[in-house]
Every structure is written in C-alpha cells, then in structure tokens.
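See below for the structure under consideration.
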C-alpha cells in the first residue's frame, strides 16, 4: 500500500492499494489552502503515480463524504481517467454525485452504493465496507483482501455506543476480522493525543436543548453542514421549543436536501422558513442554522458578524451557538468571528461553555479497542500529523503489538506486506498539487514565488523605447508601480527614478550597448538598488525594452 | 482619557490622558501583522490625534517593556516629536534605550527611570508608578492625579504571591489608592475569561527542573525572550543538573544582556557556551534557550525544526520544551513547528504535558481583587478583545460596581470623567497604521489592495507602441505576466493573447481611436475578459500605451 496523502498532515487522505499490478484507491481527499498559498483554491495530493495507470485501477472506494476524503475526486477523474467503479455508502455516493454534477462529471462516473457487509470481487481484490460511526452518516471502513491476506483502512471513526441513527460501529464484524486474521491495519490517528473516549453524538442534543431553552431572542447555530445528525438534533430541539428553522448557507441547504431525499434526515412539515422570511417571525420563534463554524471568510456566519448578510442582521438579544470546535489552524478566523459578534452585542456560546459539540474521531481508548478487536499483524497509523502518528504508534505498542511490526510512514513511502513480512519500499514521487482556477500545478511553480514576492513588496515596471537602428531613446521612459506601499504617482521619488532610467539609457547608448537584454539587466540592477535605498524594500523590478 | 489602541483587540496598547489641554501618553504599543497584511512589517495604533499636539505632551509613561506596550515608541517620536520626559521602570527604560538605539533615536530621547512609589508633577498631572507583577520584571501600573481626581491604568498584571524576584504587586499601595478615592480604573482584560488565579511564575522553576531531570539528551527550551525570570529559572535548572547553557536567537541574547547588566538576571561564571560550541559538549551536558516559542518564521527554533540552523541540528534524543503557550492566532505556526520536530524524531514537551508555563495576566479572581482594592467610582476595561472587555465588565458588576458606572469603550472613543460624572465623548479619528520598510501609512492604501489582488491572481502587463502621428502600431505588442499560476512563456494562450491585442489595436486605428487612455481602457477590458474565459481567474491587467 502507498499513502499519497494524510500522513504527516491532517487532510487530503488518499491511499493506493496495489497487488499483482492492479490497484484499488481508497479515498481521494483534499485540503484547504492557507493564506500563505496566495490565491490558491484547493490543495490536492500529488497523484501523478497514477498517471498512465488508469487501466490498472479496479475501483475507487470512498470511506465517507467529507472533503478531506472525497474532495479531489473530480480532479482524479479528469487527470487520471474514470475507473470501472466508485464505491461508497449511501450518503457518500449522494454527496459525491452532487459534487461531480457541479464539475459536469456525474454522467460518466460509475458511482455505486456498496452496502456494508457485502463482499465484491474486483480483479484480485475482495472489497467489503464495514459500518463505523463518525460525524457524518454512512461512514465505512474498507477491508481489502487478496491472496496474501487482508488489510483494513478504517477511515475516520469513533466507537459511539449511542449514535443518533441507532447504528453503532459494527464491532461484531471487526471482531470476526480479528479472528479471521488481519495482516495490516491502517487506522485514523486524528485524536491519538486525547485520552479516554470521544463523547457520543447523541449527548449533544440534550445539551443543545438546555442551551436553547435559556435563550430569549433568536438562536443562530453554526456547525459543519455535513454533520447531518447534528443538524437533525438542532432541528429536533427547535421543534421541542416551538421555533421555526431557517437553513442559511449554500452547503447547509444542499447537504440537508441530499440527506433528506435519502431518508437520512427528517423534519416535520412546516418547520422550515426561508432565510428572507426570518424577519417576519418574532425573535423567540426562530432558530437559524448557518455555515461558518470555522470562520470561513465568505461563509454566512462571517457575513453576519461583519453586518454584511442579506437576510440576517445580528443584534443584541441574539445568541450565536458554536456547535463545533475550530479545526487546528482556524483558531484566528473563528476568534475574529466570535469577537465581531460580541462587538455587535450578541451573546456567544461555544463548546467551552456547554457540551454542545462532540468530536467525530475516536480517542485513545477507542484506538486501542480497534487494535484489540482486529488484532492486526502489522500496523501503519494514518490520518494524522507526525505527532499523532507517533502517539498512535505508542498506543499500538501499549496493547502489545511488537514495535518492529508498527510502521511510521510518510506520504509517498510504500509499505510492502505479505505473509512473510512487511517493509518499506522506495520513496516514490509524491507531495502536493495546487488548484488555481481551472488549472492544476506544482507548488514550486515560479508564478507562486512571484506572487509571494509581489505580495510582500510590490512591483515596478519600467518601459523604455529605443530605436532599433541606433539604440537612441525614442519616447520618455514609463515608470509604473503597483503594490508599493505609501508611494504615489507624481511622488518626487518616481521623478528621480525616471531621471535615473534616462541616465542609464544615455550611458548605455554612449557605451554602444544596444542589446535589449543587457539594457534590461542594467536597468533591473540600477532601479532595484535605487528603490532599496529609498524604501528599504525589494519590490520586483520588471524592465521592458521596446525596440521600434 | 482616550484609548488609541488595545480595545477590541489584544495588542498595540496606547492611551491618551488629557486635562486642561495638556497630555500624558500611557504606553505606545504595536501589533505584529498577519499573513493577510501582505508584506507589512508592523501594525501601529493610528496616533494622528497627537499630530500638532507635540507641545501639549507632558510625558510618555511606559508600563513595561513588551512590544505591545512600547514597540511604537520610535515611530511616535519620529512622527509626533520628542516629549519632555519618558518614564518607566528600570528594565523598561533599559530595553527601550536599546530599541531606540537601533532607530538612532536614543540620544535625543529623555528616558528616565521613575522609581515605584515616587510622585512627580508634570504640568497638571501628578504621576506615580505602582509596582505590579507580570511576565517581565519591573512592571508598573500608572496612577495619574489631577485636580478632578485620580485614574489608574493597570498595564498588564497578575497578583503573583511568590514572584521570582520576591517582589509581589504592591497591594498595600493599591489599598491606599482605594481609600484615597479612585475616580477611574482602566484594567487589563487579557485573562478576563479565565476563572481562578494565574499560577505563580515561581511554580514553573520546579516543573522545569523535574522535566529536565528526565531528559537524557540535549534540552532545547523556548520561551519569550523578554521573560527574564523564566530564562533565569531555566538557567537555574541547568546549573542544578550540571548542564551548560547556550542562548540562541538575537533577542534572547540581547534581553538577557540588558537584564544582566542591570542586575536583574544572574548566572554563575562559566555557565554559558556560545551557540557554535554546542556540538563540542556531550548532549546530556547542554541546555539551549531559544527564541521561537510562537513559531515565528525566522526564529531560531523554526530554523532548527526546518533543519536550517547554523549551530543547532535537531536529532532523535533531543527534547524541545515549549515553556510558553501560543498567543491566539499563532496556533498554526506553533503546531507546524512542533510537528516538524516530531518528524525529525525529537521529543516535544508543552505546557499541556507539564506545568512549565504560567500566564503573566491575572485571571478572574485577580481582576476582582484589583477592583475591590482600588474601589473605583468608574471602570473602563482595557487590553482585550470585545469578548474579554465584556467579561471584565461583568466581573466589575459582580463585585458591586453599578452597571451605569462600567463603560465598554472602543479605540478612538474618549471617556470624559470628572467629579460630577463620566460619559463617552464623540469618536475621534483612530484606527491602525502600517509600517512598510521605512514608511508609515494607512491600511486603505491602494497599494495594499493591489498586493492582495496580485497575490491572489497575478498580473498581466500589455505594452503597445503606437505612432504619435497616426496611431499606427510601430512595434509588436509585448505581453508579460507574473504570478499567473501554471502558465508559461510561449504557451498557446499567450500567443492568442498577443493576436487579440493586435486585433484590438487594428480596430482602434480603423475607428480613429488614438487617445492612449481610451486604447488602454479597451485593452484592459478585452484582455481581462479573454483571460477570465481561459483561466477562470481575474489577474490584474495593466495596459501600457507608448506613443513614439
């Protein structure tokens, strides 16, 4: 097996399982860019290993519908090709169909629900999905069996004993797998640093009800749009308190519709109102369920906090309930959003104030339970940064797995396993790809370095026009700049700079230097030096010599 | 009093105290920029209120030497002018002198230590510094008395009963102030959301010693360079374990030297080794104290984590001790640093693993104690985001202060107080200034918008050269681009774009359009539309028409 993403990071999970030249891909996830990735839209695992291998792919299997497990699928289909089949649970397939629709790829994609417990044979692989619990319905672990043995990719899971849909993780089947003999376990490490057991999703509903019952004005709840059971529990609490519900934010409405059409979410007739109708109802009769729990810049809640939402104007008396924790890295954006809401005068309740959130990832006791149930011969922790992969490894050692049989890998490092042993192979090319607009490319693209440079210090463009005959200057040089802070057109410095350029050109003409690229080089250096002396900054200098 | 910074934010604290046309300025702090502020070096409070008021300023008083309280001083002196006197505690003055030296301003600045408890008269103001405890020595509250009464600006404080230097906050004097009658209390709100009492700084030393004693290899400790008592405790632990100490990072060495010269920090002869000597000592005989506790990109520890430090190469067996918590907003950078260290195979110990950090800001019980001791008539919480200002207001109400006497302000909103009452005045111009290189300017500067735009999508520059006589094209158009992702010189799109430009110019010539700015407008729109169709991005389009 070859992890292409998800090791040494939290996100863009993607694993290649290979046997006898044939391939199953488990998950095709993405990550969201940071501000340092200037303008990049999405971050994908570098799946160039699969290029030219389209014909070898027997199936793509998706564990669940979260973006960090399915988000790269449109790009994989576009760049690599369409596999014979794409498997997943019912909601997963529904959400992925909707996503592929937006990319105009749904018609060609062979999406197929594979019920949990049903075994299918694809080439040398027997594939079976195992039902597990997570913060989205229809989460499935993937058991892949070949003639050398079985491996289980857990996907994201928790052992919730009282999940909202009444379907806890299939512990009996996991125990059977342990009895049958599991060669390799690749398990979720996201919460490997947290002791104990994650709280049950169904513990959140009563806490939400208690919290709501104390609110006198409007209630605005924010959570992950894909956490259908959470949204369901918010709706149930609203029903109990005789409040109407408005779903605000595109993904909130989309995901609820998908789940509702599949019978996974339920709401009584007449409970919903349109966002634009909110103002028509008394404050104490309304619950708004909104996107934006991570402080995303364009989300509905962020707009509300900035007084910039079409349908919802926050005011004193409103209570905003964060039924989610900030994902690591989003703390600043979430705190900014919360503080804007305080500034408006509304009240904020977070998971620090009341038990209104439960993580979807199992904690240390659950990871150990998974290890003890499935009794793997070899263990490779996945889905985690290096810190959590190491902690998961330590848990495996604690339950008695031989340290020599516990592998700490990284993206691009294949683990070769058979009945005789397991060992890392040779690193293959792996890493990250960026999506910018419609194009996919390498993060080392020179353009991205240029963006960083211009973003830091701006750009000067110097256009000079010389005669192709004798190199004489035939038009006044133009000095144009963008992104150079606190400098204005007509500033004395710009005049001085124009003089400098003219002096340079005269000197070049006198010296008989008529080669455009030499003139450009001289201008680049002279202008750069001059600008640094004046501004103590190093903007990009772009000289353009036009020969007439 | 008029807060220019520090309300609705954590950082850039600055307050103007005005009476009878005369002014005392308390603190001149700065903030550090976020990634969204493309290339900006520093963020200052907008102190343009003080412009043309230089002659009215009686004194600048600095509570302590942290950047968020003194960092803007060089810019205030440069832009506003030099006041008759700048007061502070011993270490504060020492650190500020070193800072002003770097700006070549130390000679002209009238820096003066004002011992705690000593009263000085400056114009209509009696000024007294009150000793308090914080995460830097020589922290002082500022009591300012005029004929209408007294106000106390607390600065940052905690009621540490066992501070490392044996000098707890001057509670007797605070109690006297309460007896004498305090008109207005402006108190630190940083930890207004935390119940209880902050742990004592001196509780950290024994925890560090216990932690170090379990380390078999090298120990690398990171903390704030200005936390002299923390650095002292690390040195003491190293001495106890017979390890040598290397100070790594410019500010770590600078601050320790200042404190050492003032007799505030002490180390036995021969304990220090140079960073370049580290490799000459056995791993178990070395403690490195390093900057970088906040994951700062250029800090020593970040370089070590990226295998890019001249003197220290991390390896398995090393233990990196984070004796600091991430400041809100720095979580991602700190987590990235920690994960790189895990990847290298070294061990990380943070304040989650052992009590090796203590906040320098008092928590709820301490804020209530300050309120009860000083018995202010009016309260204005400062130093906090809106959430913490509100929580601090609630604490004031809890100890019995009338809600009508508790004010929740914002930057630029003056509070006018005398014996007859207190009320907010009219908002004055306030906000934020940016430092970019040597210049100071407005965040709304067009250049910063340009940086954002170019950083997101790049820039196309189209240079066309036309005859001044008849508008005919006299040289091939040049299409240059920078920061446009995944596009290359010689790409078919660039050729197509050149053709488009030529077509546009021909059409313009035919239509008799010879005005440069009209041609530029047409080119801008046509090129922008073409690029969007191809790339689904909107880079900046910069047409340049040269007339020969």
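At what distance in angstrom do the alpha carbon centres of segment B:490-525 and segment B:1-75 lie from each other?
If you average the Cα positions of each part, the centres end up 50 Å apart.
State, to one decimal in nm, how far the label point of residue A:274 lies from the label point of residue A:113, with both points 7 Å from Cα in the Cβ direction.
3.1
Using only Cα atoms and rounding to the nearest 10 degrees, what angle (0 to 90) does helix B:250-261 make with the longest principal axis of chain B?
Once rounded, the angle reads 30 degrees.
Under a point spin-label approximation (7 Å from Cα along Cα-to-Cβ), what is the residue B:101-residue A:121 distance to one decimal in nm?
Those two pseudo-labels are separated by 8.1 nm.
Starting at 0 and stepping by 10 Å, how many percent of the alpha carbon pairs of segment A:326-383 end up in each bin?
Here the calculated profile for segment A:326-383 is 16, 33, 22, 17, 10, 2.
State the volume of the convex hull built on the alpha-carbon positions of segment A:408-548, expressed per residue in Å³ and rounded to an integer. The partial results should precede the final answer.
Values: hull volume 27.9 nm³, N = 141.
Per-residue hull volume (Cα only) is 198 Å³.
Assuming R0 = 60 Å, what is the FRET efficiency of residue B:475 and residue A:193, from their Cβ-Cβ distance, to the nearest 0.05?
Details: r = 63 Å, r/R0 = 1.06.
Once the sixth-power term is evaluated, E becomes 0.40.
Based solely on its DSSP helices, what 222 nm [θ] is calculated for chain B when runs of n ≥ 4 H residues each add -39,500 (n - 2.57) and the sum is averaged over all residues, nearest 500 deg cm²/dmol? Don't skip to the end; give the middle numbers.
Working: 14 runs with 164 residues, N = 548.
Computed ellipticity for chain B at 222 nm equals -9000 deg cm²/dmol.
For segment B:379-479, what value does the Rg/Rh ratio take when both radii are computed over Cα atoms and Rh is the Kirkwood radius, given to two decimals?
In segment B:379-479, Rg relative to Rh is 1.39.
Ordered by packing density, taken as the mean number of other Cβ atoms within 10 Å over each peptide's residues, highest first, how do A:310-321, B:154-165 rank?
B:154-165, A:310-321
Between residue B:311 and residue B:532, what length comes free when the chain is fully extended (0.36 nm per residue of separation minus the Cα-Cα distance, one decimal in nm)?
74.6 nm is the gain from fully extending residue B:311 to residue B:532.
Any idea what the relative contact order of chain B is, in percent, if you count C-alpha pairs under 8 Å spaced at least 6 apart? Write out the running numbers ahead of the final one.
Details: 1177 pairs, mean separation 82.6, N = 548.
Across chain B, relative contact order equals 15 percent.
State, to one decimal in nm and shortest first, how far the label point of residue A:33 sits from each corresponding label point in the other identical copies (label point: 7 angstrom along Cα-to-Cβ).
Those label-point separations list as 1.9 nm.
Would you order A:139, B:151 from fewest to most other beta-carbon atoms within 10 Å of each residue's own beta-carbon?
Listing A:139, B:151 from fewest to most nearby Cβ atoms yields B:151, A:139.
Helix B:90-102 versus the longest principal axis of chain B: what angle, 0 to 90°, nearest 10, using Cα atoms?
Approximately 20 degrees, to the nearest 10.
Between residue B:424 and residue B:56, what's the calculated FRET efficiency when r is the beta-carbon distance and R0 is 30 Å? Round to 0.05.
So the FRET efficiency works out to roughly 0.85.
Thinking of segment B:165-273 as a set of Cα atoms, what percent of all their pairs are more than 19 Å apart?
58
At residue A:524 and residue A:352, where each label point lies 7 Å from the Cα along Cα→Cβ, what is the point-to-point distance in nanometres?
It is 5.0 nm.
What does chain A give for Rg and for Dmax, in Å, if only its C-alpha atoms count?
Answer for chain A, Rg first and Dmax second: 28.6, 89 Å.
Over segment B:446-547, what is the relative contact order in whole percent, taking alpha-carbon pairs under 8 Å and six or more residues apart?
Averaging sequence separation for qualifying contacts and normalising by length gives 39 percent for segment B:446-547.
Considering only DSSP beta bridges where both residues belong to the protein assembly as shown, give the percentage that are antiparallel (nearest 5). The partial results should precede the final answer.
Working: 92 of 178 bridges.
Once the DSSP bridges in the protein assembly as shown are tallied, antiparallel ones form about 50 percent.
Label-to-label distances across copies for residue A:240, with labels 7 Å out along Cα→Cβ, in nm, shortest first?
Output for residue A:240: 5.2 nm, nearest copy listed first.
Taking every residue in B:490-496, how many Cβ atoms of other protein chains lie within 10 Å of its Cβ, on average?
Mean shielding count: 0.
Suppose R0 equals 41 Å; then what is the FRET efficiency for residue A:82 and residue B:250 from their Cβ-Cβ distance, rounded to the nearest 0.05?
That pair, residue A:82 with residue B:250, gives E of 0.15.
May I ask what percent, to the nearest 5, of DSSP beta bridges between residues of segment A:138-210 are antiparallel? Spell out each step's value before the answer.
On the way: 5 of 8 bridges.
Percent antiparallel among DSSP bridges in segment A:138-210 is about 60.
State, as an integer percentage, the relative contact order of segment A:208-349 based on alpha-carbon contacts under 8 Å between residues 6 or more apart.
Once divided by the residue count of segment A:208-349, the mean separation gives 30 percent.
For chain B, what proportion of DSSP beta bridges, expressed in % and rounded to the nearest 5, is antiparallel?
50
Rounding to the nearest 10 and keeping the result within 0 to 90°, find how far the Cα-based axis of helix A:364-374 lies from the longest principal axis of chain A.
With both axes taken from Cα atoms, the answer is about 60 degrees.
Can you compute the radius of gyration and Dmax for the protein assembly as shown, using only the Cα atoms, both in Å?
Looking at the protein assembly as shown, its Cα Rg and Dmax stand at 32.2, 92 Å.
Size of segment A:251-384 along its principal axes in angstrom, Cα-based, largest extent first?
So the extents along the principal axes, rounded to whole Å, are 62, 37, 26.
How far is residue A:81 from itself in the other copies, in nm, if each label sits 7 Å out from Cα along the Cα-Cβ line, shortest first?
7.9
For residue B:161, project a label point 7 Å along Cα to C-beta. Then give me every residue of segment B:100-143 with its amide nitrogen under 14 Å of that point.
What the label zone holds, given the 14 Å backbone N cut-off, is no residue at all.
For residue B:239 and residue B:284, compute 0.36 nm times the residue count separating them, minus their Cα-Cα distance, and round to one decimal in nm.
14.9 nm
All of the numbers you see were taken from the coordinates with simple rules; none came from a lab. This is a predicted model, so every value here is computed, not measured. Note that we place each Cβ from the backbone using ideal geometry, even for glycine, and neighbour counts take in every protein chain shown.
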